[in-house]
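Report on one structure; see the data block that follows.
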């Protein structure tokens, strides 16, 4: 029996019509043995992660569930025994969950995500979760590929936190020091612990401790018959390789135990480990509506141009419910004003580059930040960027008219040797001279007593590709 769940995401832009749904989750169960069984999914995924474990306990030989050929429409799986066993295995029942790679947050605060990492050895690596959880989530891992043809390859976990966990590849005990010959993909699924109704579907995610003795876990939620469960050993307190197996599973409880590898010896005792489990109601179809992050912002940059304008560029990897962007500017990084707005893409899973220009930045430092606004009015901000406008400016000249001396008020943030040019009203150069200008707002007195009475243009050339600053003066 299958049950599947879909995320309705209306994808549109200024030029595109309504697009298709994006799948979140599909669950089911399958009977498998040592021969390859293919599972055809009800929906088409883009980048799925499959968790199909643990297996039931109909056959006494230890067995692990191997996945291969995971695609957007299905996957293959089979049971694998350690090399010291005969290979063939009786039929076992396996429940599975397929999750579209990504991160999701629901209205009630439940968070879930799925992703993959690669591994080519038997050492632990730390996986950073795509989001930070309010408490340590339930995490499930499984090898997704069969690239190295390594027998009895599974995963072990440890050190789960609200933001990361450790995972490694693990072989059977007799071969656990021999590194696989190739790289394999490890898939993971994480979800907030707790129980209740998630968009109309009953779920439960939690953890408990377990050793080699069969123990019953009674569910806190009331599930319908046909519910599904996945589980993982979440710790590595015991050094011997081990698997989970279940002996009974109903709508109210599950019986589980740790099946320790005996390929190297006959000892089966195992220290208590933490086991994460996830149960979801079956026998119905539902729609999940998680509140995805409004945008995945890859970059936001502010760059000063030679003409003293500022290029404002930002790139998004995806957008959800995104109405528009607003670029805000500040002199001090505290008080902000809107510079410009740009329409968002609404919903998109493609990389989009945005570009605009602020033609009038503040003299000195200008701070910029990007504000993203949803259709429902919610908003968020980017990190702050800044540019320094090396602006030299003639502020005023006085007194006008003047009999011989004129004072220039100049504001600049650097010292310079500038050229002063006097033009008559016909545009002919009357005189030029150099003026040493110091940083800051300062006055400079010019002796223009050699000029005849009349009206002139006075121009200051600050250099560095800055435009001439001109002001009209009058000599009496």
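The values are calculated or read from the model by the stated rules, or taken from the named source; none is laboratory data. The structure presented is a predicted model; accordingly, all values stated were derived computationally and were not measured. Counting neighbours? That spans all protein chains shown, and the Cβs are built from the backbone with ideal geometry, glycine included.
One line per residue, one yes/no per condition, for (1) under 21 Å from the mean Cα position of the chain (by Cα); (2) at positive phi; (3) free of Cβ contacts under 8 Å to residues at least 40 places away in the same chain:
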{"position": "127", "(1), (2), (3)": "yes, no, no"}
{"position": "136", "(1), (2), (3)": "yes, no, no"}
{"position": "145", "(1), (2), (3)": "no, no, no"}
{"position": "150", "(1), (2), (3)": "no, no, yes"}
{"position": "164", "(1), (2), (3)": "yes, no, yes"}
{"position": "168", "(1), (2), (3)": "no, no, no"}
{"position": "172", "(1), (2), (3)": "no, no, no"}
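Considering only the range 390-441, how many residues are closer than 21 Å to residue 365 by Cβ and modelled with pLDDT of 85 or more?
Residues flagged as closer than 21 Å to residue 365 by Cβ and modelled with pLDDT of 85 or more within the range 390-441 amount to 2.
Report, by residue number, each residue of the range 185-214 that is farther than 19 Å from residue 139 by Cα and either outside the structural domain of residue 137 (by TED's automatic domain parsing) or in a loop (DSSP other than H, G, I, E, B) (or both).
Those that are farther than 19 Å from residue 139 by Cα and either outside the structural domain of residue 137 (by TED's automatic domain parsing) or in a loop (DSSP other than H, G, I, E, B) (or both): 199, 200, 212, 213, 214.
Could you tell me whether any residue of the range 76-87 is within 21 Å of residue 280 (Cα to Cα), surrounded by 15 or more Cβ atoms within 10 Å (Cβ to Cβ) and in contact with a strand residue (DSSP E or B) (Cβ under 8 Å, 6 or more places away or on another chain)?
Within the range 76-87, not a single residue is within 21 Å of residue 280 (Cα to Cα), surrounded by 15 or more Cβ atoms within 10 Å (Cβ to Cβ) and in contact with a strand residue (DSSP E or B) (Cβ under 8 Å, 6 or more places away or on another chain).
Residue check: is residue 244 in contact (Cβ under 8 Å) with a residue 24 or more places away in the chain, assigned by TED's automatic domain parsing to the domain that holds residue 255, within 32 Å of the chain's Cα centre (by Cα) and under 19 Å from residue 61 (Cα atoms)?
Considered against the rule, which asks whether it is in contact (Cβ under 8 Å) with a residue 24 or more places away in the chain, assigned by TED's automatic domain parsing to the domain that holds residue 255, within 32 Å of the chain's Cα centre (by Cα) and under 19 Å from residue 61 (Cα atoms), residue 244 comes out as yes.
For every residue, the table says whether it meets (1) over 16 Å from residue 309 (Cβ atoms); (2) over 27 Å from the mean Cα position of the chain (by Cα); (3) crowded, with 17+ Cβ neighbours inside 10 Å.
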{"site": "326", "(1), (2), (3)": "yes, no, yes"}
{"site": "333", "(1), (2), (3)": "yes, no, no"}
{"site": "350", "(1), (2), (3)": "yes, no, no"}
{"site": "356", "(1), (2), (3)": "no, no, no"}
{"site": "374", "(1), (2), (3)": "yes, no, yes"}
{"site": "378", "(1), (2), (3)": "yes, no, no"}
{"site": "381", "(1), (2), (3)": "yes, no, no"}
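From the list 381, 367, which residue is in the same structural domain as residue 337 (by TED's automatic domain parsing) and without any contact (Cβ under 8 Å) to a residue 24 or more places away in the chain?
None of the other options fit; the residue is 381.
Taking the options 109, 102, name whichever one is crowded, with 17+ Cβ neighbours inside 10 Å and on the phi > 0 side of the Ramachandran plot.
Every option except 102 fails the conditions.
Could you tell me whether any residue of the range 49-65 is in the same structural domain as residue 246 (by TED's automatic domain parsing), free of Cβ contacts under 8 Å to residues at least 12 places away in the same chain and under 24 Å from residue 174 (Cα atoms)?
yes
So residue 354 passes all but one of these: (1) in the same structural domain as residue 237 (by TED's automatic domain parsing); (2) modelled with pLDDT of 95 or more. Which condition number does it fail?
The single condition residue 354 does not satisfy is (1).
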